[in-house]
Amino acid sequence: MTTDPRPPITVFIADDQAMVRQGFGALLGAQADISVVGDAPDGRVAVAEVARLRPDVVLMDVRMPEMNGLDAARHILADTREPRSKVLMLTTFDLDDYVYEALGMGASGFLLKDAPADELVRAVRVVADGQALLAPTVTRRLISEVTARRRPRGGLLHQLTEVP
């Protein structure tokens, strides 16, 4: 039997619902390559604890008391000290404004809380690896929006003249 020489992915969970924090913590902590290093019930505590613990990945709920997840993520992502934590936003609200704001500030992903458990585990691994991940419904809407913007208006491509 060989052991993985890489250290486990460290994860911090910020969510105002204790049962969600504990459930995500149990799920992720059961993975051999993931270690949950802490959690917080609000954004203000999350910012302070992430600055202290420096986890690889922060699971951040969008809506929380004291400081919402978007503001907390903004503070965490503005911290340029190494190692830098990556933020994976979590929410029950599939709202485009949250997605655009989170991605615009540098979040590495956006996942809905109703995703299957194995998708959360995969998302943590993907984000820890430096990649980005979006919930499938979010990806579908973003693709539709981008392709709608890229379509030529009024058939402009057909009006171009051929260069000899």
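The values are calculated or read from the model by the stated rules, or taken from the named source; none is laboratory data. This is a predicted model, so every value here is computed, not measured. Cβ: placed from backbone, ideal geometry, glycine included. Neighbour counts: every protein chain shown. To get the accessible areas, we keep the full protein, side chains included, count just its heavy atoms, and leave off ligands, DNA and RNA. Shrake-Rupley method; radii C 1.70, N 1.55, O 1.52, S 1.80 Å.
For Ile76, what accessible surface area do you get with a 1.4 Å probe? Give it in Å², rounded to 10.
Approximately 10 Å² for this residue.
Spin-label point model (7 Å from Cα, Cβ direction): what's the Gln17 to Asp33 distance in nm?
With each label placed 7 Å out from Cα toward Cβ, I get 2.9 nm.
Using 0.36 nm times the number of residues separating Ala51 and Lys113, minus their current alpha carbon distance, what extension gain do you get?
Using 0.36 nm per residue and subtracting the Cα-Cα distance, I get 19.8 nm.
With r as the distance between the Cβ atoms of Arg122 and Arg6 and R0 = 22 Å, compute the FRET efficiency 1/(1 + (r/R0)^6) and round to 0.05.
0.85
What's the magnitude of the charge dipole for the stretch 1-122 around its Cα centre, counting Lys and Arg as +1 and Asp and Glu as -1 at the beta-carbon? Answer in Debye, nearest 20.
So the dipole magnitude of the stretch 1-122 works out to roughly 440 debye.
Enter the accessible area per residue of the stretch 1-60 (Å², integer; probe 1.4 Å; all protein chains in place).
Accessible surface, normalised per residue, equals 54 Å².
Keeping all protein chains in position, work out how much accessible area Asp15 exposes to a 1.4 Å probe, and write it in Å² to the nearest 10.
0 Å²
Report, in debye and to the nearest 20, how large the dipole of the stretch 7-72 comes out about its Cα centre when Lys and Arg carry +1 and Asp and Glu carry -1 on their Cβ.
Here the stretch 7-72 has a charge dipole of around 120 debye.
Ignoring ligands, DNA and RNA, how do Thr10, Thr91 rank by accessible area with a 1.4 Å probe, largest first?
Thr10, Thr91
Shape call for the stretch 4-53 from the C-alpha gyration tensor, a ≥ b ≥ c root eigenvalues: rounded (a/c under 1.5), prolate (a/b greater than b/c) or oblate?
The shape class here is oblate.
Let me make sure I get this right: for the stretch 58-115, a, b and c are the square roots of the gyration tensor eigenvalues over alpha carbons, sorted descending. Under 1.5 in a/c it's rounded, otherwise prolate if a/b > b/c, else oblate. Which is it?
The shape class here is prolate.
Would you calculate the separation in nanometres between label points at Ala78 and Tyr100, each defined as 7 Å from the Cα along the Cα-to-beta-carbon direction?
Label-label distance for Ala78 and Tyr100, simple model: 2.2 nm.
How far apart, in nm, are two points set 7 Å out from the Cα along the Cα-to-Cβ line at Asp129 and at Thr92?
Taking the simple label geometry, Asp129 and Thr92 are separated by 3.1 nm.
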